[in-house]
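A quick write-up on the structure given underneath.
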Amino acid sequence: MTAFRTLEDAPLAGKRVLVRVDLNVPMEAGKVTDATRIERVLPTIRAIAEKGGKVILLAHFGRPKGRDAANSLKPVAVALAHALGQPVTFVGDCIGEDVAKAVAAARDGDVLLLENTRFHAGDEKNDEAFVRDLAANGDVFVNDAFSAAHRAHASTEGLAHALPAYAGLSMQAELDALSAGLDNPARPVMAIVGGAKVSTKLDLLGNLVRKVEVLVIGGGMANTFLAARGVDVGKSLCEHDLVATAREIEEKAKAAGCEIVLPVDALVAREFKAHAAHRAVAVGEVASDEMILDAGPRSTAEVVRRLDAVKTLVWNGPFGAFELAPFDTATVTVAKAVAERVKAGQLVAIAGGGDTVSAMNHAGVGDDLTYVSTAGGAFLEWMEGKPLPGVEALRKA
Ligand code: AMP
């Protein structure tokens, strides 16, 4: 049984259902250029409409300071109607008389999209009066925006306390995937943490060493750990001021019984550019004018070998500068090996946060892992072990 209230528990027929969705889609010249986020909210909209609820969508768009036509959700209503195959009524505000009238005029199963919640400062402030104004137009609240759940805003958290609140289908899928990743995983669990810098991932590493059996560290941040072990990393990206912190993380890992795996070899180059002249060397043999730009073949093979010994993988951050060939090799090789094991049913693999989604897509495995989270900041905060206010408000008593 899931720990959260879901659509299955929700009274929907004849109800005014306020649904928080993520429609923060990329847009150019008033046209939506990538409809992935729109696609993701369709099942929840359809499920509520089929059960006879009035679907009243709430979303933020961009970072407006007050009302601002450039951040209107109006063009998104057009794209949404197209994807849904059903009219979507756009209302030029998210609170007030106009919304009340439009909702009263709607029939059960109709879909409305209200204007950008962030046109009101009360949204990000989680202002009580603004929450009341939003809640006035609904009987039930459904949150389907995991990506905004790390923020305690009026439209994500405040409303969940003002109305009976439930997780939408994409929120539920995300929560189920995350639970299978770290909260309640099949063991042993491996985490891969790569990317540029240790400094952005201290909380994440601190949480993971307590939760996983094996922690593979890759990317630029591995250089700081190598330096902490006394390895000369030449001109590589390295936060020398954090070597003591890296040592502390190693100590914590040892105390928690978590094995840290660092690269034993690397692809090095003198220039940070695609197709730069490069060579594979043991990590102790990096010349003073060389940079580590990817994990080497021995390190990559070692990670792939270890995949067979674990049942669950949680992955954030690439092994190298994957935007620049051939320094994408380790990331792509490991991603493909992961996808094969997921397909064979021997591994549960959850990836997400920042550049990880584009790294997985670059490797051609975006649809082949158990779950790839596009949630960014919310995914990282979950990896850090922090409670997400928008999610906590949906927890069963
Ligand atoms: P993050 O957003 O922290 O996950 O970092 C992702 C970025 O780290 C990507 O843009 C990579 O190019 C970069 N990166 C990964 N490994 C290295 C490396 N060894 N040197 C420089 N940049 C790297």
Let me know the Rg and Dmax you get for the chain when you use only its Cα atoms, in Å.
23.2, 73
Cα-based reach from residue 51 at 20 Å (exclusive), listing lysines while leaving out same-chain residues under 8 positions away
15
How big is the accessible area of residue 7 in square angstrom, nearest 10, if you roll a 1.4 angstrom probe over the protein chains?
10
Can you give me the solvent accessible area of residue 229 with a 1.4 Å probe, rounded to the nearest 10 Å²?
130
Relative contact order (percent) for the stretch 183-253, with alpha-carbon contacts under 8 angstrom and 6 or more residues of separation?
33
Rounded if a/c is under 1.5, else prolate if a/b beats b/c, else oblate: with a ≥ b ≥ c from the C-alpha gyration tensor eigenvalues square-rooted, which is the stretch 7-170?
rounded
Using the structure shown, list the pairs from 254/343; 125/254; 197/311; 201/235; 201/336 with a Cα-Cα distance above 30 Å, or answer none.
254/343; 125/254
Rank 312, 224, 36 by mean-square fluctuation in a GNM of the chain with C-alpha springs under 10 angstrom and give only the top-ranked residue.
36
Probe 1.4 Å, all protein chains present, accessible-area order of 65, 396, 31, 197, largest first:
65, 31, 197, 396
Distance between modelled label sites at residue 346 and residue 254, nm, 7 Å Cα→Cβ extension
3.3
Can you send over the solvent-accessible area of residue 60, 1.4 Å probe, protein chains only, in Å² to the nearest 10?
20
Which FRET efficiency value, to the nearest 0.05, do you get for residue 361 and residue 282 by plugging their Cβ-Cβ distance into 1/(1 + (r/R0)^6) with R0 = 25 Å?
0.20
Taking the Cα centroid of the stretch 207-262 and of the stretch 118-162, what is the distance between the two, rounded to the nearest whole Å?
39
Rank these residues by their accessible area, most exposed first, probe 1.4 Å: 241, 328, 123, 367.
367, 241, 328, 123
For the stretch 193-267, which whole percent of the accessible surface, found with a 1.4 angstrom probe, sits on carbon and sulfur atoms?
51
Looking only at 302, 97, 250, which one moves most when the chain is put into a Gaussian network model with springs between Cα atoms under 10 Å?
97
At R0 = 45 Å the Cβ-Cβ FRET efficiency linking residue 81 and residue 240, nearest 0.05, sits at 0.25
Would you be so kind as to identify which of 393, 12, 352 lies farthest towards the positive end of the dipole of the chain, taking Lys and Arg as +1 and Asp and Glu as -1 on Cβ and the Cα centre as origin?
12
Considering only 77, 255, 349, give the residue with the highest GNM mean-square fluctuation for the chain, with springs between Cα atoms whenever their separation is below 10 Å.
255
Looks like the stretch 295-356, by Cα gyration tensor root eigenvalues a ≥ b ≥ c and the a/c under 1.5 rounded cutoff (else prolate when a/b is bigger than b/c, oblate otherwise), is oblate
Subtracting the Cα-Cα distance from 0.36 nm times the residue separation, let me have the gained length for residue 395 to residue 8 in nm, one decimal.
137.9 nm
Relative contact order of the chain, defined on C-alpha pairs under 8 angstrom at six or more residues apart (%):
16
Tell me, what is the percent relative contact order of the stretch 10-165, built from C-alpha pairs under 8 Å that lie six or more residues apart?
29
Which value, in debye to the nearest 20, describes the size of the charge dipole of the chain about its Cα centre when Lys and Arg Cβ atoms bear +1, Asp and Glu Cβ atoms bear -1, and nothing else is charged?
460
For the stretch 185-383, the dipole about the Cα centre with charges only on Cβ (Lys and Arg +1, Asp and Glu -1), to the nearest 20 debye, works out at 480
Given the options 303, 292, 313, identify the residue whose Cα lies farthest towards the positive end of the charge dipole of the stretch 260-325 (+1 on Cβ of Lys, Arg; -1 on Cβ of Asp, Glu).
313
By the gyration tensor of its Cα atoms, with a ≥ b ≥ c the square roots of the eigenvalues, what is the shape of the stretch 185-383: rounded for a/c under 1.5, prolate for a/b over b/c, or oblate?
oblate
Put 268, 243 in order of accessible area, largest first, 1.4 Å probe: what do you get?
243, 268
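The values are calculated or read from the model by the stated rules, or taken from the named source; none is laboratory data. Since this is a predicted model, take the numbers as computed values, not measurements. Reconstructed Cβ throughout: ideal geometry from the backbone, glycine too, with neighbour counts over all protein chains shown. Remember, those area values only see protein heavy atoms, side chains included, never the ligands or the DNA or RNA. Shrake-Rupley method; radii C 1.70, N 1.55, O 1.52, S 1.80 Å.
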